[in-house]
Amino acid sequence: MQGHLKQEGYFPHIDGLRAVAVLAVILYHLNPAWLPGGFTGVDVFFVISGFVVSASVARSSALMGWRGVLGFYARRMRRIMPALFVCLLVTGLLSTLFIPESWLSETSGKTGRMAFVGLSNWVLASTGNDYFSPRSEFNPYTHTWSLGVEEQFYLLFPLLFLGWVKGGKGRGLSMLLFALATAGSLGFAISRALQGGYEIQSFYQTTTRFWQLGAGVLLFQLLSTRARASAVDGQPGIWHSLLQVVCAVVLGYGLWTARPGHSPWIDGLWPVLGTLGLLALLHRSATGWIGGCLSLRPVLVIGRMSYSLYLWHWPVFVLFRWTLGLESLVSGALALLCTAVLAWVSWRWVEQPARFGRRWRGSDLRWVAGGVLVLLLGMGLQKPLERAAKYISLSTVSRHPLEWYPYAKGLKKEFPECELVFSRQPVAGGQVQQFERGKCAGGKGSAQRLFVAGDSHALAYGEMLRRLVLLDGGQARLYANAGCAFIGLQGRRQADPGCDAYVRNTLADVTAQAQAGDVLLLPGLRVPRLVEQYSLFDHQQAFVTVNSDASAAQRKVDVEAAIAELKPLAERGVRIVLEAPKPVLGAPPFRCSDAFNRHNPICVHGMTVSRERMEALRAPALSSLQQVAQALPGATVWDPLPVLCPGAECHPDDAGKPLFFDGDHLSGHGNRVLLPSFRTHRAALHR
């Protein structure tokens, strides 16, 4: 497999630069504090890719005629497709085994499917998955965004480079085309940075990244047209070595100082400039201080495996985050070992044979057509693999979805003679989910309407609302905006204009539709969380916060506002029900209920919390809600805590079935447990 090292045009320092780039990315992903700007190692890869693909095509005159273009795509297919295909399929299988569906993983499936066809970068950009956000860190396919950028660049490359291969005036035309495309992309990236608000799109999109690949192409073209700039006679002088050091410092500066939200412009500029400088200086001779370091054998080994290392390190790290954790030195070292082993296996038995092995030889047309079909097949296999989670997953969450998720997907079997009609109705600034009982052997039932409005905790009552409608008839309308409760008591509404607009629009819609006797349920998170799905909080600080003077003042403001806004509805006979704070747990059950993840650092505080501490934590909020209820005619407080926490301790489960999905949202089973309590409370309102 070493024969390719002897081929004409091989430059060891390029593999050395690849090693620097991939090590920077891996270090950053393992612990950002070790190399804060290491994510710009991808920028280095882009410059190298533009330079190398130009040199390779120019050396072989590979774009002459349609057969030449087909050959170019076949070589790209051999280089990228086999290792990517294997990595994506293995990652898909392991994800099905270990990663349950959740907010953290809700875009993973689509990202993985689109990665097969080189479009995952656009998926991540369109779904708002910030590269530096928790959801990206728990998505095993996030890293494929850069491969998508490169693959899209390769689709355009023959069109722009064809003139260069033909020679003569065509070379000038090709340089002009690349210069215009590169300048346009750079200008677009700069304008997006100056406008602000486009950080996510700018990071992922090909239009803002093309200039980095184009810079590599232009460097090759400039070196090829200026013999003096591309050749070094004899040993380089001291100034040549010093310039190498300067470029290495510029590259290192970028890898150390780049900041989230400032890439590709302006923080991506320094790695690009440093890489361009080193490629230019080392083009004909890799001697000198930096050239010698980049050509060391251990560095070259890493560089040659850089593609496989890049492919495998991210899914390994993500799977560790979902299972054992990645915070300790032991888990980090184990993750690196797994990465190295998988990368070597991929490089030795997939990547190298596909590029240089005789058994993999075939016509260019077969490679292109076959490669496309194989990738489409892989894309098609991803969805069935996800659907098989109920049967093959090692996660209890995935194996028992009806217990964990409040989606009520099993209602058709429970109520075979009743039809549930679901629809989405437009309201100002959004939509409302509406549930009604359709054809049913028991008749239509009550004509009473139930309005439910709040944050994500309102959404978590989805199953209970569906069951209520099927059991009692009537209609339920669900308004929800994650993080924005009607009476949040924590200042979110005042700090977020969007939240305030949501509350006002929802109140206007409820006012327009509600009649006397209808019920308005207002659930929400009104106490500090003890844990997030991806991070721990200081439990003692939560108690300090709720008892502080600032929190007391905020609750007073929220109480007065709630009374003023809800009083007109209450005086019209609408029965307002305020949900008392439910228990909040110290660890998210969906991440801590399996043998392979219960020792994850996110589970360190345990899922159980004493009822005494919970009562103390929620006492100020409960008192505020009671003040609101006392000031509104017919308003009541419904308290789920005694049902969810009947003993001295609040547990995450009920006889082995989960009451909560994460640290504070109800599970499907939790909905069913609370249904009798709310149904009784609702019925008592009309006695």
| said: Looking at the stretch 647-687 only, could you name the residues that are within 26 Å of Leu104 (Cα to Cα) and assigned to a strand (DSSP E or B)? | reply: Cys650, Asp653, Asp654, Lys657, Pro658, Phe660, Leu666
| query | Taking the stretch 422-474 as the region of interest, how many residues are polar (S, T, N, Q) and within 21 Å of Gly668 (Cβ to Cβ)? | reply | 3
| query | Tell me, which residue of the stretch 481-526 that is outside any loop (DSSP other than H, G, I, E, B) and among the β-branched types (Val, Ile, Thr) is surrounded by the most Cβ atoms within 10 Å (Cβ to Cβ)? | reply | Thr506
| note | Expected single match for open to solvent by 20 Å² or more (accessible area, probe 1.4 Å), under 21 Å from Val546 (Cβ atoms), touching a strand residue (DSSP E or B) at 6+ places or on another chain (Cβ under 6 Å) and of a type in the set (Val, Ile, Thr) among Thr608, Thr636 is Thr608
| Taking the stretch 6-54 as the search range and keeping residues that are assigned to a loop (DSSP other than H, G, I, E, B) and under 22 Å from the mean Cα position of the chain (by Cα), which one is farthest from Leu294 (Cα to Cα)? | Asn31
| field | Residues of the stretch 373-408 that turn out to be small (Gly, Ala, Ser) and closer than 19 Å to Thr144 by Cα, as a count | value | 2
| Which pairs do you get when a residue that is within 28 Å of Thr40 (Cα to Cα) and open to solvent by less than 60 Å² (accessible area, probe 1.4 Å), found in the stretch 1-21, comes within reach of a residue that is at pLDDT 95 or above and of a type in the set (Lys, Arg), reach meaning Cβ atoms under 9 angstrom, with the pair 6+ apart or on two chains? | Leu5/Arg304; Asp15/Arg304; Arg18/Arg304; Ala19/Arg304
| remark: Of (1) open to solvent by 80 Å² or more (accessible area, probe 1.4 Å); (2) at pLDDT 90 or above; (3) in a helix (DSSP H, G or I), Leu365 satisfies every one except (2)
| message | For the structure I just gave you, tell me whether Val272 is crowded, with 23+ Cβ neighbours inside 10 Å, under 23 Å from the mean Cα position of the chain (by Cα) and among the β-branched types (Val, Ile, Thr). | response | no
| query | Any residue in the stretch 566-587 that is free of Cβ contacts under 8 Å to residues at least 24 places away in the same chain and either in a loop (DSSP other than H, G, I, E, B) or of a type in the set (A, V, I, L, M) (or both)? | reply | no
| query | Yes or no: Gln434 out of contact with any helix residue (DSSP H, G or I) (no Cβ under 8 Å at 6 or more places or on another chain) and at pLDDT below 90? | reply | no
| request: Evaluate the following for Arg113: is it closer than 24 Å to Leu213 by Cα, in a helix (DSSP H, G or I), open to solvent by 10 Å² or more (accessible area, probe 1.4 Å) and among the charged types (D, E, K, R)? | output: no
| query | Yes or no: Ser295 touching a Pro at 6+ places or on another chain (Cβ under 7 Å), open to solvent by less than 60 Å² (accessible area, probe 1.4 Å) and more than 23 Å from Met77 (Cβ to Cβ)? | reply | yes
| field | Among (1) in contact (Cβ under 8 Å) with a residue 40 or more places away in the chain; (2) within 29 Å of the chain's Cα centre (by Cα); (3) open to solvent by less than 50 Å² (accessible area, probe 1.4 Å), the one test that Arg529 misses | value | (3)
| said: Take the conditions crowded, with 19+ Cβ neighbours inside 10 Å, in contact with a Phe, Trp or Tyr (Cβ under 9 Å, 6 or more places away or on another chain) and not charged (D, E, K, R) and apply them to Leu659. Does it pass? | reply: no
| Given the residues His665, His651, His681, His599, which is the only one that is over 18 Å from Ala485 (Cβ atoms), open to solvent by 10 Å² or more (accessible area, probe 1.4 Å), touching a residue at least 60 places away in the same chain (Cβ under 8 Å) and under 36 Å from the mean Cα position of the chain (by Cα)? | His599
| said: Looking at the stretch 452-466, can you tell me whether even one residue there is outside any strand (DSSP E or B), within 19 Å of Arg618 (Cβ to Cβ) and of a type in the set (A, V, I, L, M)? | reply: yes
| message | Looking for something modelled with pLDDT of 95 or more, closer than 30 Å to Ala193 by Cα and in a loop (DSSP other than H, G, I, E, B) - is there at least one such residue anywhere in the stretch 268-290? | response | yes
| request: Working only within the stretch 116-137, note down all residues that are touching a Lys or Arg at 6+ places or on another chain (Cβ under 6 Å) and either outside any helix (DSSP H, G or I) or surrounded by fewer than 17 Cβ atoms within 10 Å (Cβ to Cβ) (or both). | output: Asn129
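This table checks each residue for (1) more than 23 Å from the chain's Cα centre (by Cα); (2) at pLDDT below 95.
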position	(1), (2)
Ser398	no, no
Glu403	yes, no
Tyr407	no, yes
Phe415	yes, yes
Val421	yes, yes
Gln425	yes, yes
Gly429	yes, yes
Gly438	yes, yes
Gly445	yes, yes
| note | Out of (1) farther than 22 Å from Gln490 by Cβ; (2) surrounded by 18 or more Cβ atoms within 10 Å (Cβ to Cβ), the one Pro568 does not meet is (2)
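The values are calculated or read from the model by the stated rules, or taken from the named source; none is laboratory data. Quick caveat: nothing in here was measured; it's all calculated off a predicted structure. Glycine also receives a Cβ, built like all others from the backbone with ideal geometry; neighbour counts cover every protein chain displayed. Heavy atoms of the whole protein, side chains included, go into the accessibility calculation; ligands, DNA and RNA do not. Shrake-Rupley method; radii C 1.70, N 1.55, O 1.52, S 1.80 Å.
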